[in-house]
Amino acid sequence: MKLLGMIGGTGPESTVEYYRRLIAAYHARVSESGAPPIIINSVDNKNLVKWFTAGDLAAVINFLAAEIERLARAGADFGLIAAVTPHLVFDELRQRARIPLLSIVEATADAAAAGVGAILEETRRALIGIVETIKQRNNIDGLILGGTELSLILREPTAVGLPVLDTTQIHVEAAIEWMLRE
């Protein structure tokens, strides 16, 4: 089985959620006990936020490329970034990485093409309200939870009355697929 290297820490809550879901997906697909082989590189998001806010994408690329290299040196067979925003520079990171990287954007696009599908209650209701407004104003066919924290808010995706693509779950499922490839 392949060793997954995960860049986490960009949103600590979503890193924990990724880990929890990776284990659940592993249990569902491989074994009801044990855990998949994962290395988590939990990075400090303070500079990432600063660099993204300033538009300094070169600094983001250099930092994340070094952290991906750290995963490669630790023995990871492939990697992923457990956040959506860093995927703004994913193509550049993929070019610099010596291990394959699994994109949340590509995994979600593949799932959409295939037709797959600790939060305050007021936040959840507000998100559902936003979705309802968008549904009324536009003719949308589904909802993409395009931020890794959104699936923490909208735990019952059927509440919006649309097909929902949870990018975190899609990324996790794709990671398990990559782990199991020969």
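The numbers here are math on the coordinates, done by the rules we state, and not lab data. Predicted model only: the values in this text are computed from it and were never measured. Positions of Cβ are backbone-derived with ideal geometry, glycine not excepted, and every protein chain shown enters the neighbour counts.
Once Lys and Arg get +1 and Asp and Glu get -1 on their Cβ, which of Thr133, Gln169, Pro12 lies farthest toward the positive end of the dipole of the chain?
Pro12
Check cross-link reach from Lys2 to the aspartates and glutamates: straight Cα distance under 12 Å, and skip same-chain residues fewer than eight apart.
Correct list for Lys2: Asp77, Glu177, Glu182.
Can you give me the long-range amide H partners of Gly79? Hydrogens built in the peptide plane at 1.01 Å from N, cutoff under 5 Å, separation of 5 or more residues or another chain.
Gly5, Leu101, Leu102
Please report the equivalent ellipsoid semi-axes of the chain, computed as sqrt(5 x eigenvalue) of the Cα gyration tensor, largest first, in whole Å.
Each semi-axis is √(5λ); the values are 27, 21, 15 Å.
Among Val160, Val105, what is the fewest-to-most ranking by other Cβ atoms within 10 Å?
Fewest-to-most Cβ neighbours within 10 Å comes out as Val105, Val160.
Can you run phi through the Karplus equation (6.51, -1.76, 1.60; θ = phi - 60°) for the stretch 13-25 and list ³J(HN,Hα) in whole Hz, with x for Gly and Pro?
Each residue's phi maps through the Karplus curve to give 5, 6, 4, 4, 5, 4, 4, 4, 6, 4, 5, 4, 5 Hz.
Name the shape class, rounded, prolate or oblate, that the alpha-carbon gyration tensor gives for the stretch 19-79, where a ≥ b ≥ c are the square roots of its eigenvalues, rounded holds for a/c under 1.5, and otherwise prolate holds if a/b is larger than b/c and oblate otherwise.
Judged from the Cα gyration tensor, the stretch 19-79 comes out prolate (a/c at least 1.5, a/b above b/c).
Fewest first, what order do Ser31, Ser103, Ser42 take by the number of other Cβ atoms within 10 Å?
Ascending Cβ contact count within 10 Å gives the list Ser31, Ser42, Ser103.
Would you grab the residues whose amide H sits under 5 Å from the one on Ser42? Only those 5+ places off in sequence or on another chain, please, with H modelled 1.01 Å from N.
So Ser42 has HN proximity to Gly8.
For the stretch 96-103, in order, what is each residue's ³J(HN,Hα) by Karplus, 6.51 cos²θ - 1.76 cosθ + 1.60 with θ = phi - 60°, in whole Hz (x at glycine and Pro)?
The phi angles translate into 8, 7, 9, 10, x, 10, 9, 8 Hz.
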